[in-house]
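Trainee: Below are the structure tokens for one structure; questions will follow.
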Amino acid sequence: MSKDAYDEMSVLSAIYCEPDEFELLEESPERGIVYRIHTLIERNNEKTPLALTFHICPDYPHTPPDVSIASSHLSRKQCQDLRLHLLETARSLPPEPMLHDLILWLQENFSDLTKTSSCDSAEIRPETTEETWTAVLHLDHMRSKAKYIKLIEKWASELCLTGRLFTGKPILILLQGRKENIKEYIHLQKTVKVDVDSSGKRCKEKMMSVLCEIPQPEKILMSTFEVKDILSLDDLKREFDLIGLTELYKQFVSSLI
């Protein structure tokens with residue numbers, strides 16, 4: 001990592017110095033630095049909390065940072081749209097430390113960006129604590145991997161579910177959304193022909209297990225559904241840590257290992 005990246009992180013940790021405002025999530029020569037900043041956007045007498053997670057790769061700032069955005073006051077689509085605008089802005093900036101400028105740009109343009117962001121589904125805002133649930137499903141194998149993944153992504157999109165599909169060993173599907181939508185996903189997973197058997201014929205999923213279905217605190221809302229290729233158990237745990245679901249990993253996933 002460059003000295004500029006560490007200097008910038010030091011400055012940001014000093015600016016966001018209140019309890020829980022700045023979190024260093026990961027630091028390694030191979031993967032870079034990951035940290036999360038919790039901030040409030042104040043507009044029109046309203047305060048919108050944002051959690052901005054920055055992934056700084058080793059050759060930053062020559063390569064722009066990756067970023068994810070979560071908020072209990074915005075819809076998932078609004079968070080996705082904000083992320084895309086922020087990434088586009090990052091790519092337009094010169095190759096020099098830019099995170100503070102990106103945060104300021106987001107604060108200045110927040111009202112216009114959220115005003116033009118619309119939701120094309122029944123989802124308007126993230127559900128309340130009682131309505132938002134998280135489930136972890138365990139798959140034994142994927143023979144027709146590419147088709148299987150496309151189907152999982154399709155169902156997650158249609159049911160307004162966010163989360164992660166972790167491919168590797170073990171194969172896990174992490175889902176978040178309304179309880180009834182998660183129930184419908186599990187029903188589809190069990191009743192639709194999703195894979196092929198050893199002879200190449202389409203078959204239903206017979207070896208899936210539901211590790212948990214639990215209410216999820218509103219502060220840990222995922223804004224996207226992503227597929228992650230996991231190379232090691234350390235990588236899998238790190239992904240749960242980055243999302244903020246370390247305890248869920250300890251309770252329901254670690255027993256598989």
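Trainee: Out of the stretch 86-97, which residues are surrounded by fewer than 19 Cβ atoms within 10 Å (Cβ to Cβ) and over 16 Å from the mean Cα position of the chain (by Cα)?
Mentor: We begin by selecting, within the stretch 86-97, every residue surrounded by fewer than 19 Cβ atoms within 10 Å (Cβ to Cβ); these are 87-89, 91-96.
Selection gives GLU88, THR89, ARG91, SER92, LEU93, PRO94, PRO95, GLU96.
Trainee: Could you say which residue among GLU184, GLU218 is surrounded by 14 or more Cβ atoms within 10 Å (Cβ to Cβ), of a type outside the set (S, T, N, Q) and modelled with pLDDT under 85? Walk me through it before giving the result.
Mentor: Values: GLU184 fails: modelled with pLDDT under 85.
Answer to the check: GLU218.
Trainee: Here's something else I'd like to know. Among the residues of the stretch 177-233, write down those that are of a type in the set (A, V, I, L, M, F, W, C) and within 29 Å of ARG31 (Cα to Cα).
Mentor: ILE220, LEU221, MET222, PHE225, VAL227, ILE230, LEU231, LEU233
Trainee: Tell me whether the stretch 135-155 contains one or more residues that are out of contact with any Pro (no Cβ under 7 Å at 6 or more places or on another chain) and on the phi > 0 side of the Ramachandran plot.
Mentor: no
Trainee: With (1) touching a residue at least 12 places away in the same chain (Cβ under 8 Å); (2) surrounded by 14 or more Cβ atoms within 10 Å (Cβ to Cβ) as the list, and SER209 as the residue in question, which single condition is left unmet?
Mentor: Evaluating SER209 over (1) touching a residue at least 12 places away in the same chain (Cβ under 8 Å); (2) surrounded by 14 or more Cβ atoms within 10 Å (Cβ to Cβ) leaves (2) as the failure.
Trainee: Scan the stretch 188-204 and give yes if some residue there is crowded, with 17+ Cβ neighbours inside 10 Å, modelled with pLDDT under 85, in a loop (DSSP other than H, G, I, E, B) and in contact with a helix residue (DSSP H, G or I) (Cβ under 8 Å, 6 or more places away or on another chain), otherwise no.
Mentor: no
Yes or no, residue by residue, for (1) touching a Phe, Trp or Tyr at 6+ places or on another chain (Cβ under 9 Å); (2) assigned by TED's automatic domain parsing to the domain that holds GLU239; (3) of a type outside the set (D, E, K, R); (4) touching a residue at least 40 places away in the same chain (Cβ under 8 Å):
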{"position": "SER10", "(1), (2), (3), (4)": "no, no, yes, no"}
{"position": "SER13", "(1), (2), (3), (4)": "yes, no, yes, no"}
{"position": "CYS17", "(1), (2), (3), (4)": "no, no, yes, no"}
{"position": "GLU21", "(1), (2), (3), (4)": "no, no, no, no"}
{"position": "ARG31", "(1), (2), (3), (4)": "no, no, no, no"}
{"position": "VAL34", "(1), (2), (3), (4)": "yes, no, yes, yes"}
{"position": "ILE37", "(1), (2), (3), (4)": "yes, no, yes, yes"}
{"position": "ASN44", "(1), (2), (3), (4)": "no, no, yes, yes"}
{"position": "LYS47", "(1), (2), (3), (4)": "no, no, no, no"}
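The values are calculated or read from the model by the stated rules, or taken from the named source; none is laboratory data. These figures come from a predicted structure and were not determined experimentally. All Cβ positions, even for glycine, are placed from backbone atoms using ideal geometry, and neighbour counts span all protein chains on display.
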